[in-house]
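For reference, the structure is listed below as structure tokens.
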Amino acid sequence: MGKGRRCIVPSCRYLSGKNDLEKRAMFKIPKDEEKARIWAAAIPGITQPLTTYQTVCEKHFESWFIHRFYEKGTNIMRSRLHNKAVPTIFDTENVPNQNVIPLRQHSEKHSRKVPKKGISSSNVSEKSTLEVSSAFLNNSLSNQTASNETSLQEIVKDLSLSEKLLMDIKQEMFPISEDGVKHENIDERVKTESDVDTKEITAYEHLHKNFSFYITQLPENWNLTRLALSTDQVFVFSKECTVCENGALIVMNEKSIVINKHGDIHYSIHGKIVSVDSPYTLSVINDIDTLLDVVIKFDEVKVCQGICTNEFEVDKDFVLQKDDLGYSRHIHCSLIADKQQCDACWQYSQYLLALMVNNTPVLGNETARFYNQIYS
């Protein structure tokens, strides 16, 4: 087995293949010279140019720089580095001191100057060596300081663009989808709009701007839809119910409220128009809160159950009529009742009950005229 690759960060020196307890991905130095220079400037303790054979372990990169995936057809995990990644995580406390290049000792074969009288040859040699070493050391430290300053300037220059760099990376790796834009926080948007003076905004305009929000504010089984009528558009609040017709289930509207752009309101129950004289209805509504309150109250009103006519043959064109849900009603049924039946349907039910008790057949218009004489 070949030798493992070693991380070039001086404070790390991780060696792949030698540490079974911790396995890290190793990334090569970029082939691009400019990127390699940025890496070298970012890693503390690196003063020499880097080569593409050297590597840096994953520990020194932010997590969003690393993309992990399974190799196709296997369960082997692979790692890929973002092309704009720069190593930024280091343990600076463990960075080793820079090595000072030792001074070569002169060979004894070299000629020496004859020392002056009173000064020993050994003292001159030691003094000369110390002076040269000191000069070389100062020069080395000066060069090292200048190099470090240059590196710091490069790092500051590179990091000055870090915010823009990270934003670009996040946009590439985590793009904002159209669905995310569509599913914006509707409550916050409505709250922001409500902070502005909305007294002049009508209920119709509120529904047009915040259609999805107001659907969530309706009572159970109620729905809100848009309907186009020639050049106009209306909003329909409807309470749905399910009825069985010829063995099939059909969804019908039990109650509905229609509002146009002028604020005009129309109410219906079982497909029949409710009189605007009812205390439960308003003819014109411009305030959105009032409209929602009307919908809630209209949901709570009791609906007249009509008249049971299974045992009679009644002239329905004259006295009775059927609504969209199949209920038989008196032609003057108010649709809304505090009890099970409205007054008109209750009185006609009593009339039919009297006929049944007296075993009197219903005779069409003549019976209807007789009924009108009794209850008019």
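The values are calculated or read from the model by the stated rules, or taken from the named source; none is laboratory data. The structure presented is a predicted model; accordingly, all values stated were derived computationally and were not measured. Using ideal geometry, Cβ is built from the backbone for each residue, glycine included, and neighbour counts are taken over all protein chains shown.
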- Item | Those residues of region 32-66 which are among the aromatic types (Phe, Trp, Tyr) and surrounded by fewer than 20 Cβ atoms within 10 Å (Cβ to Cβ), in sequence order | TYR53, TRP64
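So which residues in region 246-267 are of a type in the set (S, T, N, Q), under 27 Å from ILE331 (Cβ atoms) and surrounded by fewer than 19 Cβ atoms within 10 Å (Cβ to Cβ), if there are any at all?
Here is the first cut: in region 246-267, the residues of a type in the set (S, T, N, Q) are 246, 253, 256, 260.
After this cut, where a residue has to be under 27 Å from ILE331 (Cβ atoms) as well, the list is 246, 253, 256.
Across region 246-267, the qualifying residues are ASN246, ASN253.
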- Select from region 8-39 the residues that are part of a helix (DSSP H, G or I) and out of contact with any helix residue (DSSP H, G or I) (no Cβ under 8 Å at 6 or more places or on another chain) and write down the one among them that is nearest to GLU58 (Cα to Cα). TRP39
- Message: Checking ASP32 against (1) closer than 13 Å to CYS7 by Cα; (2) at pLDDT 90 or above: exactly one of these is not met. Which one?
- Response: (1)
- Message: Being surrounded by fewer than 11 Cβ atoms within 10 Å (Cβ to Cβ) and under 24 Å from the mean Cα position of the chain (by Cα) is the filter here; which residues of region 208-244 pass it?
- Response: THR216
- Item | Tabulated pairs, region 293-307, first at negative phi, second among the hydroxyl-bearing types (Ser, Thr, Tyr) and assigned to a strand (DSSP E or B), C-beta under 7 angstrom, 6+ apart or interchain | PHE298/TYR267; ILE307/SER328
- Query: Counting just the residues of region 285-312 that are modelled with pLDDT under 85 and under 38 Å from the mean Cα position of the chain (by Cα), which one comes out surrounded by the fewest Cβ atoms within 10 Å (Cβ to Cβ)?
  - Reply: ASP287
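Among the residues of region 5-28, is there at least one that is without any contact (Cβ under 8 Å) to a residue 24 or more places away in the chain and farther than 23 Å from ASP91 by Cα? Steps first, answer last, please.
At the first step, the residues of region 5-28 found to be without any contact (Cβ under 8 Å) to a residue 24 or more places away in the chain are 13, 15, 17-23.
Filter once more, so that each one left must be farther than 23 Å from ASP91 by Cα: none.
No, region 5-28 contains no residue that is without any contact (Cβ under 8 Å) to a residue 24 or more places away in the chain and farther than 23 Å from ASP91 by Cα.
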